[in-house]
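The values are calculated or read from the model by the stated rules, or taken from the named source; none is laboratory data. The model shown is predicted, which means the values in this text are computed figures rather than measured ones. Glycine also receives a Cβ, built like all others from the backbone with ideal geometry; neighbour counts cover every protein chain displayed.
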Ligand code: MG
């Protein structure tokens, strides 16, 4: 029996080291009883944007059903998957967790539909990117500390939160944006959180898709990643009912992706032999799926895109969501006195960005309620 324990104290030389952090925007004394990345993780868990993730969704709107994933459960799944792999690769588990928990903080209500709508509204004023918004949340928008705006997180956590960024925005971000211009890699912890996000969402969207009745097992059986495992499950458990067979299939899919990610990354790290966390940034991406499993994951993503995200029932909901976002944006820009007091003051300096921040911060149900309050004469 191989020893399955992983000693968390033995961090690899390529792992991010909290003592070697590039620091915070506002210098602070080091924390007691925990390290800098642990403190970042704790600040994220305690912030208001994190709590709002509970009422934000990706594919289904929050009130559609209590069993669907929300952004909060999605973020927890991402963190769980990423931490498992981080430990195996002897990366910094706390930094991985902090990035995973924060990666969706900037998401608008109504998932991609809300974000696309807000981006269109904001085109003349610099657009709206949800990754950049997650960074804005942790850098500026959270108001809970006396000495600074935002959460004042370490460079390494902020770097991981900013998963993608347009060249124009990268140029404005200085040090943090540099890797998008020079096309270098972020830390392994950031690379890992990014791929764990993918593992989490393709699998939970299959689950939610079937549960909602928008996808069925027959269609999914044509997708390699699902089909192979599902056939094996049917052989082993022919009589347990479809729900359990789906769960058994999904746990095997997650396991295949996570195992492949771990082994492929282990081999890449070994071949590259980075001597430090800094050397990692100059190398190619070292956290990756194998060619074959990567192709399977892409096939599943394509399937979800065509059959779930573009399903007529989802599109009907997303078109309503987009309309709500557009109308809220137009109403607040047209008359900023409709904004709550604190946003009203900010709007005097920066009208459109403030309105975008206000809308982006809304949960699904709050946006629906706010829309009703603004547009329905018998609501106040
Ligand atoms: Mg995500």
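Just wondering, is there one or more residues in the range 155-173 that are surrounded by fewer than 21 Cβ atoms within 10 Å (Cβ to Cβ) and at pLDDT 95 or above? Checking the range 155-173: at least one residue is surrounded by fewer than 21 Cβ atoms within 10 Å (Cβ to Cβ) and at pLDDT 95 or above. There is no residue in the range 224-243 that is touching a residue at least 40 places away in the same chain (Cβ under 8 Å), away from the ligand (no atom under 16 Å from the Cβ) and either within 26 Å of residue 15 (Cβ to Cβ) or outside any helix (DSSP H, G or I) (or both).
Of the residues making up the range 264-284, not a single one is buried (at least 17 other Cβ atoms within 10 Å of the Cβ) and more than 26 Å from residue 180 (Cα to Cα).
Could you please let me know if residue 83 is farther than 19 Å from residue 324 by Cβ, out of contact with any helix residue (DSSP H, G or I) (no Cβ under 9 Å at 6 or more places or on another chain) and away from the ligand (no atom under 13 Å from the Cβ)?
Numbers: farther than 19 Å from residue 324 by Cβ: yes; out of contact with any helix residue (DSSP H, G or I) (no Cβ under 9 Å at 6 or more places or on another chain): no; away from the ligand (no atom under 13 Å from the Cβ): yes.
So residue 83 fails the test.
Regarding the range 311-325, can at least one residue be identified that is touching a residue at least 24 places away in the same chain (Cβ under 8 Å) and not in a helix (DSSP H, G or I)? Yes, the range 311-325 has at least one match. Pick from 23, 33: which is on the phi > 0 side of the Ramachandran plot, touching a helix residue (DSSP H, G or I) at 6+ places or on another chain (Cβ under 9 Å), surrounded by fewer than 19 Cβ atoms within 10 Å (Cβ to Cβ) and modelled with pLDDT of 90 or more? Result: 23 is the single residue among 23, 33 that is on the phi > 0 side of the Ramachandran plot, touching a helix residue (DSSP H, G or I) at 6+ places or on another chain (Cβ under 9 Å), surrounded by fewer than 19 Cβ atoms within 10 Å (Cβ to Cβ) and modelled with pLDDT of 90 or more. Checking each residue in the range 91-148 for being in a loop (DSSP other than H, G, I, E, B) and within 16 Å of the ligand (Cβ to nearest atom) picks out 103, 104, 105, 106, 107, 108, 109, 110, 129. If the condition is being touching a residue at least 60 places away in the same chain (Cβ under 8 Å) and surrounded by fewer than 20 Cβ atoms within 10 Å (Cβ to Cβ), then the range 208-221 contributes 211, 212, 214, 219. Residue pairs whose Cβ atoms lie under 7 Å apart, sitting 6 or more positions apart in sequence or on different chains, and linking a residue in the range 83-109 that is touching a residue at least 24 places away in the same chain (Cβ under 8 Å) to a partner that is outside any helix (DSSP H, G or I) and within 16 Å of the ligand (Cβ to nearest atom), are 103/163; 107/56; 109/56. Would you confirm whether any residue within the range 65-76 is over 17 Å from residue 188 (Cα atoms), free of Cβ contacts under 8 Å to residues at least 60 places away in the same chain and either over 13 Å from the mean Cα position of the chain (by Cα) or more than 15 Å from the ligand (Cβ to nearest atom) (or both)? Yes.
With respect to (1) surrounded by 13 or more Cβ atoms within 10 Å (Cβ to Cβ); (2) closer than 19 Å to residue 57 by Cβ, the lone exception for residue 305 is condition (1).
Within the option set 286, 268, 257, being under 18 Å from residue 188 (Cβ atoms) and outside any helix (DSSP H, G or I) holds for one residue only, 286.
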